[in-house]
Amino acid sequence: MLLAGCGSKALTPAYHTPVPNTAAAATAADSAVTIRAATPPVENTSGTVLAIVPVPLSAGGRHTCMTTRAGEIRCWGGNESGQLGNGTTGTASLMVAAGEIPEGAAAVASGTDHTCAIGADGKVWCWGGNGKGQLGDGAAADRSVPAAVAALEARAVMLAAGKSFTCALTETGGVKCWGWNIRGQLGDGTFADRALPADVNGLSGGVIAIAAGDEHACALLAAGSIRCWGNGSEGQLGTGLRQISNLPVEAVEMPEGAVEIAAGGSYSCARTAVGKIKCWGSMGSLVPESDSLAAREVAGFQGEPVSIHVGSDFACALDGAGGVACWGANLLGQLGDGSGADSRSRPVAVAGLTGAAALTAGNAHACALLQNGGIACWGDNYRWQLGNLKPSSSSIPLGLDPAVLHYYYSGIEAVAPMANGPQKYPSLWSLTEGFRGLTAPAVNAYSASTSRNDTWEWDFTLCATDQPRLDALLSNTQVSFIINYLPVSPNAILMFPSNVGTRACRGWKTVLSGWENHAYELAILFTFTAEVFDGEKSYPEGEYWQIILLSVKD
């Protein structure tokens, strides 16, 4: 059986009330805000060189980004500051490619309105909002494509992006931060914004992980202790006080030692060496049970947590069996349990989610990378940060289009890339060649671009060795044209005979024009409702896709 597909180009989070930057200490009562001196410095005395920590998926304010196995960055969602990195500021409901990271991206970190990535060479690249210098390029102008962070001499191995600030962990265990510093979240002993990386005071070495919240940051030391700095008005610094500190302070004591840290809006968490999750700070008024100036153990997990991720007012943990449980605020469905409850003080399982391999939490949405290469997201979808065209938030996980995800993450290559131009794009192939012998659902994907005033003639052909076999094939075949998840009306699809040599073929086509967005997914889905035979080979029942990822230029 032959398949042909042608297109012709004729065709805010609720942030807490600011705390004044007073240089004088307030009262020492728990309800007061104080500015506290730093704990003794930590130096790199072991000479250990850290390796880059791969981060394949990162959720930000209202956008999400991922790295592919080829080292590319794909993003979707809000883009008002250019945080998707594709050279525009238009919201993208479907994946778009960010600008190239020269050596290939090894890790990605998404902030409120900006994104950063580590290249395989340890260099850092950032894009998006830059009003506070959070891109680290020495300027204050937003950038819609990646720009190198300036004056970052050491190789970076981990990034943490917060609300208009960024921190990097270097290979020697030191920490550098840049961007907004109104609450001392850069940890350099000042309250001045920085458009270039500055050393975090007292942390020149010995750090193995970092995390950034809205206006605070934390570092995990090799010995299992934690240092935090920035806004601690809700107790998120873990010192037992409500305080601001522009220098790192020693956070809650972990007798068993911490092995992972996470920071959210006004909340911080750690995973201990014995698998416990302990948190401090506040998830906000919807979750009063979370308010704690001391580390409070989160109980109720069905499986032992192996990873912890904190959003603005909720948190999620991944267990060793690939399940995910979340707790905290739930007004936008960010807990993923399908309940509609305003909040949960104890962890609840994300509905129907199994086989998770990695996890990320944004402002009010979360996503999981699945072991099969797929991605599922839930929660707020105001800017389509779930990667799904449902017009509203979702309290259960929604899978991004499986065809596109399989293509992007698993590295499946198209038989031949589509070229731009006024001619038709010839693409006639057999199933075994075109789909690389995959079992259903099989995928073949292309990328293309067009201009806003262009018209596309989009067609597709199925063939068999003779007419009787084609008739039998068609009786067990359903064909759909889909644009951004919405089927094209049958009235807009023309069917026609399209014989190829001695083969009998049936074609379908439609005409597309009047582009309104900057990114489209054009999908042809043909479904075999039973095993089919084209006169030469049998093919199993199931779904098969041809995908065109189309970018529209103004």
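The values are calculated or read from the model by the stated rules, or taken from the named source; none is laboratory data. Treat the numbers as computed from the prediction; the structure is a model and nothing was measured. Every residue, glycine among them, receives a Cβ derived from its backbone with ideal geometry; neighbour counts consider all protein chains shown.
Laid out as a table, the results:
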read-out: Residue list for the stretch 258-285, restricted to those being crowded, with 17+ Cβ neighbours inside 10 Å, out of contact with any helix residue (DSSP H, G or I) (no Cβ under 9 Å at 6 or more places or on another chain) and assigned to a loop (DSSP other than H, G, I, E, B); value: Gly264, Gly265, Lys276
read-out: Residue selected from the stretch 116-172 under the condition out of contact with any strand residue (DSSP E or B) (no Cβ under 8 Å at 6 or more places or on another chain) and closer than 22 Å to Ser204 by Cβ, by the criterion modelled with the highest pLDDT; value: Thr172
read-out: Those residues of the stretch 48-88 which are within 18 Å of Ala376 (Cβ to Cβ) and assigned to a loop (DSSP other than H, G, I, E, B), in sequence order; value: Pro56, Gly60, Arg62, Thr68
read-out: Complete set of residues in the stretch 318-340 that are β-branched (Val, Ile, Thr) and either within 19 Å of Thr67 (Cα to Cα) or in a loop (DSSP other than H, G, I, E, B) (or both); value: none
read-out: Test result for Thr112, of a type in the set (Ser, Thr, Tyr), within 23 Å of Ala219 (Cα to Cα) and modelled with pLDDT under 90; value: no
read-out: Selected residue [out of contact with any Leu (no Cβ under 9 Å at 6 or more places or on another chain) and not in a loop (DSSP other than H, G, I, E, B)] from Ala217, Ala209, Ala295; value: Ala295
read-out: Of all residues making up the stretch 165-179, the number that are crowded, with 24+ Cβ neighbours inside 10 Å and in a loop (DSSP other than H, G, I, E, B); value: 1
read-out: Qualifying residue in the stretch 180-193 (condition: crowded, with 21+ Cβ neighbours inside 10 Å and part of a strand (DSSP E or B)); value: no
read-out: Filter result for Leu203 (within 22 Å of Val55 (Cβ to Cβ) and more than 27 Å from the chain's Cα centre (by Cα)); value: yes
